[in-house]
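Notes for the one structure printed next.
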Amino acid sequence: MLKDKTIEKRVRDDRLRKRIREKVKGTPERPRVHVFKSNAYVYTQVIDDREGSILLTASTLEKEFREKAKSTKNKDACGLLGELLGKRLKAAKIERVVFDRGVHPYHGRIKTLADAIRKEGIQF
């Protein structure tokens, strides 16, 4: 009997996400930057795992982002989003973070986002 491929992918992603989250933990001094990528948009959250609270967010859906970008789902858009998040982190006086790529491989849009955050002077 054939299994549904979406169920197999979900199980694989959950296993990978759990393995990554065991290693990557956010603290008040060094919060976790989590990235979620859908087919159309990219969402980022800065999370303090000890308190269980979200400190900052940025996404390609925001009005501030849409005024600057033409598209919401290419490398240029992720670069702009990384700059926007980096500026918000600087304003919140957060200099060091831990990067959580989620289940996505570290290349393409995810890598461009991380490089743009680093350009703003945030260390991870």
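A compact table of results
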{"item": "Distance in nm between pseudo-label sites at residue 40 and residue 74 (7 Å out along the Cβ direction from Cα)", "result": "1.8"}
{"item": "Cβ crowding within 10 Å averaged over residues, with 3-9, 28-34 ranked highest first", "result": "28-34, 3-9"}
{"item": "Translational D in µm²/s for region 1-74 (Stokes-Einstein at 25 °C, 0.890 mPa s, Kirkwood Rh from C-alpha pairs)", "result": "167"}
{"item": "Two-site label geometry, residue 95 and residue 6: point separation in nm, points 7 Å out along Cα→Cβ", "result": "4.7"}
{"item": "Kirkwood hydrodynamic radius of the chain, Cα pairs, Å", "result": "15.1"}
{"item": "Helical contribution to [θ] at 222 nm, DSSP H n ≥ 4, -39,500 (n - 2.57), averaged over the chain, rounded to 500", "result": "-13500 deg cm²/dmol"}
{"item": "Label point 7 Å beyond Cα of residue 87 along Cβ direction - residues of region 18-52 with amide nitrogen under 17 Å", "result": "44"}
{"item": "Antiparallel %, DSSP beta bridges [both residues in region 1-105], to 5", "result": "80"}
{"item": "Mean Kyte hydropathy of -1.0 or more with a Cα span along the axis of at least 18 Å, helices from DSSP in the chain", "result": "75-91"}
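Where a number appears in this text, it was derived from the coordinates with a stated rule and is not lab data. No experiment lies behind these values; they were computed from the predicted model shown. We place every Cβ from the backbone using ideal geometry, glycine too, and count neighbours over all the protein chains shown.
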